[in-house]
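Participant: For reference, the structure I am asking about is given below.
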Amino acid sequence: GSDYALMATIMSGSGFALKTSRRQQGALNKVQNVQFMSSDALNRNQVKVVWDRPLEVTSPNNVKSNNVYRSATTNFADAIQVATVSKTEFIDANNTGATVTWTYFIAALGAVGEGAISDPITITLLPA
């Protein structure tokens with residue numbers, strides 16, 4: 001049958017162990033520890049943004065990907081989405097020809113859509 005509760009009752013009474021059911025993850029919290037990483041592999045006009053997955057994720061598979069937003073201000077309303085990545089890192093490059101100051105915001109994506117927006121992090125990048 002398709003009635004899980006009834007089937008679970010029948011199976012429990014039969015002496016067979018029940019497999020733990022997967023909990024559907026609701027809305028995701030904001031990602032944690034957003035920071036910039038330096039690396040000799042990066043050019044002077046590049047930045048690597050890294051973060052940790054949201055707290056209280058019931059399974060690592062519940063975070064499908066992450067949206068990366070960038071803004072010339074510290075206001076999220078001014079930000080544009082610049083990438084969707086499957087890892088908890090993103091490398092960006094300043095190809096504007098001028099020094100720029102950018103603010104980044106990250107949001108994890110799960111089964112029910114985009115989670116909470118991260119705290120902002122701001123960096124100034126030199127031109128190439």
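Participant: Which residue pairs have Cβ atoms closer than 9 Å, lie 6 or more positions apart in sequence or on different chains, and pair a first residue in the stretch 107-124 that is closer than 12 Å to Asn62 by Cα and hydrophobic (A, V, I, L, M, F, W, C) with a second residue that is part of a strand (DSSP E or B) and open to solvent by 30 Å² or more (accessible area, probe 1.4 Å)?
Facilitator: Note: pairs meeting the criteria are Ala108/Glu114; Leu109/Thr84.
Participant: List every residue pair whose Cβ atoms sit under 9 Å apart, with the two residues 6 or more apart in sequence or on different chains, where the first one lies in the stretch 58-85 and is touching a residue at least 24 places away in the same chain (Cβ under 8 Å) and the second, anywhere, is part of a helix (DSSP H, G or I) and open to solvent by 40 Å² or more (accessible area, probe 1.4 Å).
Facilitator: Tyr69/Phe76; Ser71/Ala77; Ser71/Asp78; Ala72/Asp78
Participant: Within the stretch 98-125, can you find the residues that are surrounded by 14 or more Cβ atoms within 10 Å (Cβ to Cβ) and more than 26 Å from Ala27 (Cα to Cα)?
Facilitator: Listed by number, the residues that qualify are Val100, Trp102, Ile123, Leu125.
Participant: Starting from residues that are surrounded by 10 or more Cβ atoms within 10 Å (Cβ to Cβ) and at pLDDT below 70, keep the ones in the stretch 19-49 and report whichever is nearest to Ala93 (Cα to Cα).
Facilitator: Checking each candidate, the answer is Gln25.
Participant: Considering the stretch 54-97 alone, what residues qualify as being hydrophobic (A, V, I, L, M, F, W, C), at pLDDT 95 or above and surrounded by 12 or more Cβ atoms within 10 Å (Cβ to Cβ)?
Facilitator: Scanning the stretch 54-97 gives Val68, Ala72, Phe76, Ala79, Val82, Ala83, Val85, Phe90, Ile91, Ala93.
The values are calculated or read from the model by the stated rules, or taken from the named source; none is laboratory data. Values in this document were obtained by computation on a predicted structure and should not be read as measured data. Reconstructed Cβ throughout: ideal geometry from the backbone, glycine too, with neighbour counts over all protein chains shown. The protein model used for the area step is the full one, side chains on, heavy atoms only, and it has no ligands, DNA or RNA in it. Shrake-Rupley method; radii C 1.70, N 1.55, O 1.52, S 1.80 Å.
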